[in-house]
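Below: one structure, written as structure tokens.
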Amino acid sequence: MPADPCDPELFLPGATSTWLEVNGLRLHAVAAGPTDGPLILLLHGFPEFWFGWRNQILPLAEAGYRVLAPDQRGYNWSDKPAGVRAYRAAELVADVDGLIRASGRSRATLIGHDWGAAVAWWTAIRLPSLVERLVVMNVPHPRVMATAVRHSWEQRLRSWYILYFQLPHLPEIGLRLPGWQPLERSMHSSAQRGTFSPEVMRCYRQAWSQPGAMTAMINWYRALLRHRPERLATPEVLPPTLVSWGARDRFLISSMAAESVAQCRDGELALFEDATHWVQHEEPERVNQRILRFLGNPAERTKVVLPGL
């Protein structure tokens, strides 16, 4: 009987589920790799959960890194605080800070996709001492995104769903019925054919069906407009940064990738010409190789013990 693809301990050898008390919340995460290896946080986006990194967790762990892939607040098994205000940028950055410290560390490499990339950008800009290296996938630097929304009608049209998500109740109802088909169709239509198998979609439906999850997930978008992130006094990104970008992203114009690299003191661009917004799903081997080349040899970094993980 094949391993359940939704259970990390069954299909990711050596990986374990763990719970961390972070920023007043209890967050679920999947951990793998040597406990004394340099820490990597894998930050998922919408509408995913830790499972969005299933193709990255073991390769990074086998390379010698300690990998932690949390369900971010509001998602899957993690706590789902009530109200839009709980999903402000400041709270999301504080969660990253808390995850690092709960892991017994003072800094980590952040790898983020979609909303997880936005959180990683904000953290690297506001708390650069926490971030050893930064890898972002298919979400631009905050200033680049703000400029595009102000000046590009193409980007405004691509971002129409953010306004739709501001409506009360209707988005949750619309995405759920019938049987999560609208959300599934959005993922299938914006990805390469065959990216999300029926077995994979079963895991996503299971996560979306957790009590309160869909409202919490959409509240990230509501908070973005109702509680706008504070203006960046110094938008330059100090940690070494790799921007990985699927060029066929339906939601974001590709010119923002190079513009984002220009906001980094030490930035690199990895453009995947045939990939879409879901680049780490579609090109896992190439993405993993590029990340590992960027991160370098973990043995050259200071090793510490991760108590309890």
Using a Förster distance of 22 Å, how high is the FRET efficiency between Trp19 and Ser197, based on the Cβ-Cβ distance and rounded to 0.05?
0.15
Give me the log10 of I(q) over I(0) for segment 28-166 at q = 0.13, 0.19 Å⁻¹, as the Debye formula computes it from C-alpha points; what are the numbers?
-0.57, -1.14
Spin-label pair Arg150/Asp266, simplified geometry with 7 Å Cα→Cβ offset, distance in nm
3.0 nm
State the cysteines of the chain left without a partner when partners are defined as other cysteines whose beta carbon lies under 4.7 Å away.
Cys264
Residue separation times 0.36 nm, minus the C-alpha to C-alpha distance between Arg85 and Leu177: what's the value?
30.5 nm
In Å², rounded to a whole number, the accessible area per residue of the chain with probe 1.4 Å is 42 Å²
Ignoring any ligand, DNA or RNA, what whole percent of the accessible area of segment 48-161 comes from carbon and sulfur when the probe is 1.4 angstrom?
55 percent
I need the calculated FRET efficiency for the pair Arg293 and Leu170, taking r as the beta carbon distance and R₀ as 35 Å, to the nearest 0.05.
0.20
Just the number, please: percent antiparallel of the DSSP beta bridges in the chain, rounded to the nearest 5.
30 percent
Give me the log10 of I(q) over I(0) for segment 119-215 at q = 0.12, 0.18, 0.25 Å⁻¹, as the Debye formula computes it from C-alpha points; what are the numbers?
-0.60, -1.12, -1.18
Ignoring ligands, DNA and RNA, what percent of the 1.4 Å accessible area of segment 184-298 is carbon and sulfur?
47 percent
So what is the relative contact order for segment 152-309, in percent, with contacts set as C-alpha pairs under 8 Å and at least six apart?
22 percent
Rounded to the nearest 500, the 222 nm mean residue ellipticity computed for the chain from DSSP H runs (n ≥ 4, each -39500 (n - 2.57)) alone is -11000 deg cm²/dmol
Peptides 70-76, 163-169 ordered by average Cβ neighbours within 10 Å, highest first:
70-76, 163-169
Of the DSSP H helices in the chain, those whose Cα atoms cover at least 18 Å axially and whose Kyte score averages -1.0 or more
89-102, 213-226
Karplus couplings for segment 25-36 from phi (6.51 cos²θ - 1.76 cosθ + 1.60, θ = phi - 60°), rounded to Hz, Gly and Pro as x?
10, 10, 10, 8, 8, 9, 10, 7, x, x, 5, 9
The chain - percent relative contact order, Cα under 8 Å, separation 6 or more:
22 percent
Compute the Rg/Rh shape ratio of the chain: radius of gyration over Kirkwood radius, all on alpha-carbon atoms.
0.93
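The values are calculated or read from the model by the stated rules, or taken from the named source; none is laboratory data. Treat the numbers as computed from the prediction; the structure is a model and nothing was measured. With ideal geometry, Cβ positions are generated from the backbone for all residues, glycine too; neighbour counts draw on all protein chains shown. With ligands, DNA and RNA removed, areas are computed over all heavy atoms of the protein, side chains included. Shrake-Rupley method; radii C 1.70, N 1.55, O 1.52, S 1.80 Å.
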